[in-house]
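Take a look at the structure set out below.
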Amino acid sequence: MKILENLWQVGGAEYTTVEDAAVYLVRFGEKAVLIDAGCGNAQEAMFENITKVLPPHVDIEYLLLTHCHFDHTGGAQATRKRYGCRIVAHELDAAFLETGDSTVTAADWYGARMNPLKIDFKIKTRKKTIQVGVGQLTAHHCPGHSPGSVVYLTEIEANRVLFGQDVHGPLEASFLSDRENYIRSLKFMMGLNADILCEGHFGVYRGKDKVRRFIRTYL
Ligand SMILES: [Zn+2]
Ligand SMILES: [Zn+2]
C-alpha cells in the first residue's frame, strides 16, 4: 500500500499474514529502510511486495526495529540475509533478541521460538539520528510497552511521519512493560506533532488531530 510517494506498507495482517505487525518501507533517493520485519511466516510475500515498489538498484541499508516482539522481529534474520541490510535496535531490547528470549520477545504468544538475532547497531542514547541516503530518521527511546521500545520520526514530502508501532501497548508483566514509562512515552509522542502516524497493528493515521486523538486514547 502506497502511503506517500516514497513510503509504503509492505507487510502486516492485510498484506502478508495475520500474525505480522506492520512493515513499512521508506525510500530516500538511492537508499531505503525497512521499519520492522514481521514474524517471518510470510517472508516471501513481503519480499514480493518490496520488489513491486522498489527498483532493484535502490539499496535497503537498514532494518530499523521498533522493539523486540516476535511479530515485528521474527523475520529480521531472513530480511538481513535477503538485502544485506544492517539491523538496528535499542540496546535494552537487543539483549532479548541476542539471547533469543522467547518470553520477553513474546514469541511464546505465537507458539514460536525466538532464534538468537545479532543486532548490528545498538541505540544507547535517548535520541539518535540515522542518515539514510538523502534523508534521515531520528530514533527516540520510548519505553513502556517494552524496555527498549523506539519510535522513528522522519520527514517525507513535507510530512512529519512517526513510526510509533505498538503505541496501543499492551502492558504485560512478561514483556517487562512499565506503565509510568508508557504514559511518559505517549505524552512525548503527542509532542512530536506528527502529520502521519504509522502504527504497528492499527494502520496509518493522517492529520495532526487524528494522530493526537489516537495517541490520547491510550492515555
Ligand atoms: Zn506488535
Ligand atoms: Zn509489541
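Just a few scattered comments:
- Averaging the sequence gap over all C-alpha pairs within less than 8 Å and six or more residues apart, then dividing by the number of residues, gives the chain a relative contact order of 15 percent.
- Cα-based reach from LYS208 at 17 Å (exclusive), listing aspartates and glutamates while leaving out same-chain residues under 8 positions away: GLU155, GLU157, ASP195, GLU199
- Within the range 75-106: backbone nitrogen closer than 15 Å to the PHE188 label point (7 Å, Cα to C-beta): 90-93
- Hits among lysines - C-alpha to C-alpha of LYS52 under 23 Å, sequence gap 8 or more where chains match: LYS2, LYS31, LYS81
- Kirkwood hydrodynamic radius of the range 13-123, Cα pairs, Å: 13.8 Å
- Comparing Cα centroids, the range 1-52 and the range 108-169 end up 15 angstrom apart.
- ILE130 - accessible surface, heavy atoms, 1.4 Å probe, Å² rounded to 10: 10 Å²
- Against the criterion of solvent-accessible heavy-atom surface with a 1.4 angstrom probe, ARG179, ARG160 sort, most first, into ARG179, ARG160.
- Amide N proximity, the range 172-199 versus ASP108 label position 7 Å along Cα-to-Cβ, cut-off under 13 Å: 172-177
- Linear extension gain, ASP59 paired with ARG82, 0.36 nm per residue minus alpha-carbon span: 7.1 nm
- In the range 2-217, one over the average inverse separation of all distinct C-alpha pairs is 16.8 Å, which is the Kirkwood hydrodynamic radius.
- Estimated translational D of the range 97-180 in µm²/s (Stokes, Kirkwood radius over Cα pairs; 4 °C; 1.567 mPa s): 89 µm²/s
- Share of carbon and sulfur in the accessible heavy-atom surface of the range 2-217 [1.4 Å probe, %]: 49 percent
- Most positive-pole-ward Cα, HIS69, LEU7, ILE156, against dipole of the chain from beta carbon charges: ILE156
- A Gaussian network model of the chain, with springs between Cα atoms under 10 Å, assigns the largest mean-square fluctuation among GLN131, GLN43, GLN165 to GLN131.
- Using only side-chain charges placed at the Cβ, +1 for Lys and Arg and -1 for Asp and Glu, the dipole size of the chain relative to its Cα centre rounds to 660 debye.
- Taking every protein chain into account, the accessible area of the chain amounts to 44 square angstrom per residue (probe 1.4 Å).
- Solvent accessible area, Å² - ARG212, 1.4 Å probe, full protein context: 90 Å²
The values are calculated or read from the model by the stated rules, or taken from the named source; none is laboratory data. On a predicted model such as this, the values are computed, not experimentally measured, just so you know. Ideal geometry is used to build each Cβ from the backbone, glycine not excepted, and the neighbour counts take in all protein chains shown. All accessible areas refer to the heavy atoms of the entire protein, side chains included, with ligands and DNA or RNA removed. Shrake-Rupley method; radii C 1.70, N 1.55, O 1.52, S 1.80 Å.
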